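Worksheet for the structure shown next.
The values are calculated or read from the model by the stated rules, or taken from the named source; none is laboratory data. This structure is a prediction, so every number in the text was calculated from the model and none was measured. For neighbour counting, all protein chains shown are included, and Cβ atoms are generated from backbone atoms with ideal geometry for every residue, glycine included. Surface areas here come from the heavy atoms of the whole protein model, side chains and all, with no ligands, DNA or RNA. Shrake-Rupley method; radii C 1.70, N 1.55, O 1.52, S 1.80 Å.
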Amino acid sequence: MESNAVFLEQVNQYYTVWQEYNSVYEEWAKAHGLSVNSLLVLSALHDGMEECTQKKISQKWRIPKQTINVVLKDMERRELVEMFPMQEDRRNKLIRFTESGKEYADTIISKLRKVELFVVEGMKIERMKERNEDTALFVKLFSKAGGRNE
């Protein structure tokens, strides 16, 4: 049986890799003139979320709605997006790219996808699937053990 020290070493290694994972995306975004939150919002809009709203983006990426609002206000100021009140709930706004916003997003997201595709091809798809399954299992077990809303 493994000792707690071995388990904790692996957990700490997981956290180190997790931080490095986040860091490479932050660095990539910064190199392209974006914050990582702006990149995630751009990605959500680009990937065609159905009737995209701040709430849906917030739920998808687990980013506070206030942060999403700041990013969208900046994108609106730069004329990359337009926001329209939704008919069924006027408090929520539907978010859409402007023509220049769509072109900008296509350029940025295609560069990102090219890098991500290179990574997945290098890892091989089976390894990527295993990684996703393992991470999902970690989240499930962590939550089951009381890691949420404690």
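Some points to look at:
- Heavy atoms of residue 25 accessible to a 1.4 Å probe, total area in Å² rounded to 10: 60 Å²
- From its DSSP helices (H runs of at least four residues, each -39,500 (n - 2.57)), the chain gives a residue-normalised ellipticity at 222 nm of -23000 deg cm²/dmol.
- Stretched out straight at 0.36 nm per residue, the stretch from residue 12 to residue 86 would grow longer than its current Cα-Cα span by 22.1 nm.
- Pairwise label distance in nanometres, residue 27 with residue 137, each label 7 Å out on the Cα-Cβ vector: 3.0 nm
- In plain terms, the chain from residue 77 to residue 130 could stretch by 14.9 nm, reckoned as 0.36 nm per residue minus the Cα-Cα distance.
- Qualifying lysines (Cα of each under 28 Å from Cα of residue 56; at least 8 residues distant if same chain): 30, 65, 73, 93, 102, 111, 114, 129, 140, 144
- Taken per residue, the accessible surface of the chain reaches 74 Å², heavy atoms only and a 1.4 Å probe.
- FRET efficiency for the residue 121 to residue 4 pair, using the beta carbon distance and R₀ = 35 Å, is estimated at 0.40.
- The P(r) of region 61-150 has a tail past 20 Å containing 62 percent of all C-alpha pairs.
- Unit charges on C-beta of K, R, D, E only; dipole of region 63-138, Debye: 180 debye
- Acute angle (nearest 10 degrees) that the helix 65-77 long axis makes with the longest principal axis of the chain, alpha-carbon atoms: 40 degrees
- Given +1 at the Cβ of Lys and Arg, -1 at the Cβ of Asp and Glu and no other charges, the dipole of the chain around its Cα centre is 420 debye to the nearest 20.
- C-alpha long axis of helix 4-31 to longest principal axis of the chain, angle in °: 20 degrees
- Backbone N within region 82-125 under 19 Å of label point (7 Å from residue 59 Cα along the Cβ vector): 84-96
- Base-10 log of normalised Debye intensity for the chain (one unit scatterer per alpha-carbon) at q = 0.16, 0.19 Å⁻¹: -1.04, -1.26
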